[in-house]
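This report concerns only the one structure given below.
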Amino acid sequence: MSTQGFTVTHARDARFERGLRAFFEYRDLGIRKATDGRVGAHIIRAVAGQNFSSQPHRHDTEFQLVYVLKGWIEFEYEGQGAVRLKAGSCTYQPHGIRHRELGHSGDVEILEVVLPAGFATQEVDSVEP
């Protein structure tokens, strides 16, 4: 049995960095490196005092899961309309689904797991086709 790729991260050592969206910061959980880029996992949290804005977009992923740890976040999804996720809520976002964020609480924290770790994001004209 191989233990190659085994990784552990602890909240006490957490480093959050700015990423895809300026109003969020991201904590890499080390899964991307451990899986040679096959899977990415990170904690996303709101940045205090940052203005929120979201354009309709889609991701070129094989798998994308969002689990809300704290607070709330609301999305508009293609074919689904507005969906508010609260602490304990989980959603699977199918490959290419058009969506946009409608808003979030100032204390929102979410866990996102995505395959592959490096994926493209394309802005689209609207959420509905």
For the range 87-129, which residues satisfy the criterion of being of a type outside the set (Asp, Glu), open to solvent by 50 Å² or more (accessible area, probe 1.4 Å), farther than 15 Å from residue 66 by Cβ and part of a loop (DSSP other than H, G, I, E, B)?
98, 106, 129
Tabulated pairs, the range 30-42, first farther than 20 Å from residue 11 by Cα, second of a type in the set (Phe, Trp, Tyr) and modelled with pLDDT of 95 or more, C-beta under 8 angstrom, 6+ apart or interchain
none
Return the residue satisfying two criteria in turn: it lies in the range 61-75 and is of a type in the set (A, V, I, L, M, F, W, C) and open to solvent by 60 Å² or more (accessible area, probe 1.4 Å), and of such residues it is farthest from residue 38 (Cα to Cα).
72
Filter the range 10-23 down to the residues that are touching a residue at least 24 places away in the same chain (Cβ under 8 Å) and either in a strand (DSSP E or B) or crowded, with 18+ Cβ neighbours inside 10 Å (or both) and list them by number.
18
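Regarding the range 32-40, can at least one residue be identified that is in contact with a Leu (Cβ under 6 Å, 6 or more places away or on another chain) and open to solvent by less than 50 Å² (accessible area, probe 1.4 Å)?
Yes, there is a match, as at least one residue in the range 32-40 is in contact with a Leu (Cβ under 6 Å, 6 or more places away or on another chain) and open to solvent by less than 50 Å² (accessible area, probe 1.4 Å).
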Looking for something surrounded by fewer than 13 Cβ atoms within 10 Å (Cβ to Cβ) and touching a strand residue (DSSP E or B) at 6+ places or on another chain (Cβ under 7 Å) - is there at least one such residue anywhere in the range 76-86?
yes
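The values are calculated or read from the model by the stated rules, or taken from the named source; none is laboratory data. What you see is a predicted model; the values in this text were computed from it and never measured. In this analysis, Cβ positions are derived from the backbone assuming ideal geometry, glycine residues included, and neighbour counts consider all displayed protein chains. Each accessible area value is taken on the protein alone, full model and side chains, heavy atoms only, with ligands, DNA and RNA left out. Shrake-Rupley method; radii C 1.70, N 1.55, O 1.52, S 1.80 Å.
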